[in-house]
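Accompanying notes for the structure given below.
Taken together, the values in this text are just the output of simple stated rules run on the coordinates, not laboratory data. Everything numeric here is computed off the predicted structure, so don't read it as measured data. Cβ atoms come from the backbone with ideal geometry, glycine included; neighbour counts cover every protein chain shown.
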Amino acid sequence: MKSNRSDFKELLYKVLPEQVAMLKSYLTGIRSVLDIGTGSSISIHFFAREFTEIAFFTVDIADMRQEKELPFVLYDGKTLPFDDKSYDIAVLNEVLHHADDPESVLKEAKRVGKAVFIVEHFPKPGVTTDQLWEEEMATLKALKLECTNYKPFSRSSLFHLFDKLNLNIEDRIKIPYHGKREIEKYFFKLTDK
C-alpha cells in the first residue's frame, strides 16, 4: 500500500510538467534563480532538470529537502546571506502563508532578486482557514515538512502586502490545482514599482 507521501509525490510529478509548460516563457533569458523556503525542494529540482542553462540555488530556515542536488544554504529566516539583486529571480513557492513575518520574507526576496515569482493559494469563497488547516497539515506531513504555521492570505491582504513593499504585479496566472483542498492557486511575477 502506498503512503500519503508517495501519493502526494506522484501527484506532484504529474502536475509539474504542466507548470513548467505554463511558466516556460517567464524563464527565457534567466541565468539565476533563488528558491527561498525550498522545503522538500522537489519542485525546484524538477524545474532545474528542465532548464539546465539556469543556475538554481535553494535556501531555507531548516534542511527538510528530499532532493539535494542543488546548492543549499541555511539562513536565519530574517536576512538572506546574498548581495542586493544577486539573482535574476527570487522564488517564493507556497512560502509566505507559512512565514512568521511574511512582509520581511518578501522584502528580502525583493532585495536579492531582480524580479520575484510567487506562488500562493487563497481559500475558495466561503471556505475558512479552519477548514483548510487539517488539509494543509496533512499535506505538510505527507511531504515530511515540519511546519505548524499556516496563515493563508485573502486576495486583498496579499495585494496590500505587494503595495506596501512597492511591488508591481507584472503578471498573474491562475494555476490549475488538482488536489482536494478548497483553494485557488496563483502565480505572480512581481517587479519594483
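Run the helix sum for the chain: -39,500 (n - 2.57) per DSSP H stretch of 4+ residues, divided by residue count, reported at 222 nm to the nearest 500 deg cm²/dmol.
Calculated at 222 nm, the ellipticity per residue is -10500 deg cm²/dmol.
Please find, in a Gaussian network model of the chain (springs between Cα atoms separated by less than 10 Å), the residue of Val91, Val119, Val73 whose mean-square fluctuation is greatest.
Val73
Please report, in debye to the nearest 20, how large the charge dipole of the stretch 4-192 is about its Cα centre when each Lys and Arg carries +1 at its beta carbon and each Asp and Glu carries -1 there.
Numbers: 26 positive and 31 negative charges, 69 e Å.
In total the dipole reaches around 340 debye.
Taking the dipole about the Cα centre of the chain, with the C-beta of Lys and Arg at +1 and of Asp and Glu at -1, give me whichever of Thr128, Phe47, Phe72 is farthest to the positive side.
Phe47
Among Val116, Pro176, Asn93, flag the residue with its Cα farthest along the positive direction of the charge dipole of the chain, charges on Cβ as +1 for Lys/Arg and -1 for Asp/Glu.
Looking along the dipole axis, the top candidate is Pro176.
Given (i) 18.7; (ii) 17.0; (iii) 17.7 as candidate values of Kirkwood radius over Cα pairs in Å, which corresponds to the one derived from the coordinates?
(ii)
Considering only DSSP beta bridges whose two residues both sit in the stretch 4-192, what percent are antiparallel, to the nearest 5?
50 percent
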